[in-house]
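> So that we are looking at the same thing, I have put the structure below in structure tokens.
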Amino acid sequence: MFRKEIRFRTAPTGQDIENIREIVTSTGFFYDFEIPVAVELVEDRLKDGLDSGYYFLFADDGERTVAYSCFGPIACTEGSYDLFWIVTHNDYRGAGIGKKLLEATEEEVKKLGGRMLIAETSTLPKYTPTRHFYESNQYKLEADIPDFYKPGDGKAIYIKRFPG
């Protein structure tokens, strides 16, 4: 069991380009073409700052970055935020870091005036733990779109609304 203290930080650094690549790759959940997308978001944030629309929360154990989330406001809405990525390094899964990171992400969204946080994931069987993660953290399945990503691979859309 993981026992180090986790500290959260919001400001990305140049090192986070490789941190994110390593974290996302370690999971074995994502296609090769998805990894550059995750990296591109932090590159955009480093280049454009908050104008990029991408906010980050990094979980560090004192020695390395072990998890991160990326979220941002949804254009043309009032207080709706997308959870673009939340990923824990495979070596640290099951230690409760993802739950703490999600809770801290929700707090950041609330500070920014967020009314809801929307998370999307695949309906493939290998994503059952991901769907259970959202459900166990009080996210409600609002939509299930069959064959969204490709035939046989649908999209599950979860939403957590914040009392206001």
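Coordinate-derived values only; no laboratory data. The shown structure was predicted, so the numbers you read here are calculated from the model rather than taken from an experiment. Quick reminder, even Gly has a Cβ in these numbers, built from the backbone with ideal geometry, and neighbours come from all protein chains shown.
> I'd like the full set of residues that are in contact with a Ser or Thr (Cβ under 7 Å, 6 or more places away or on another chain) and assigned to a loop (DSSP other than H, G, I, E, B), limited to region 86-121.
Hits for region 86-121 are His89, Arg115.
Per-residue answers, yes or no, for (1) free of Cβ contacts under 8 Å to residues at least 60 places away in the same chain; (2) aliphatic (A, V, I, L, M):
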site: Phe56; (1), (2): yes, no
site: Thr65; (1), (2): yes, no
site: Tyr81; (1), (2): yes, no
site: Val87; (1), (2): no, yes
site: Ala95; (1), (2): no, yes
site: Glu103; (1), (2): yes, no
site: Val109; (1), (2): yes, yes
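> Would you pick out the residues in region 36-60 that are touching a strand residue (DSSP E or B) at 6+ places or on another chain (Cβ under 8 Å) and under 21 Å from Arg7 (Cα atoms)?
Val42, Arg45, Tyr54, Tyr55, Phe56, Leu57, Phe58, Ala59, Asp60
> Taking Arg45 and the conditions (1) touching a helix residue (DSSP H, G or I) at 6+ places or on another chain (Cβ under 7 Å); (2) basic (Lys, Arg); (3) exposed (fewer than 15 other Cβ atoms within 10 Å of the Cβ), which numbered condition does it fall short on, given that it satisfies the others?
The number of the failed condition is (3).
> One residue is enough: does region 25-42 have a residue meeting the conditions more than 30 Å from Gly164 (Cα to Cα), of a type in the set (Asp, Glu), in contact (Cβ under 8 Å) with a residue 24 or more places away in the chain and surrounded by fewer than 17 Cβ atoms within 10 Å (Cβ to Cβ)?
Looking through region 25-42, none of the residues is more than 30 Å from Gly164 (Cα to Cα), of a type in the set (Asp, Glu), in contact (Cβ under 8 Å) with a residue 24 or more places away in the chain and surrounded by fewer than 17 Cβ atoms within 10 Å (Cβ to Cβ).
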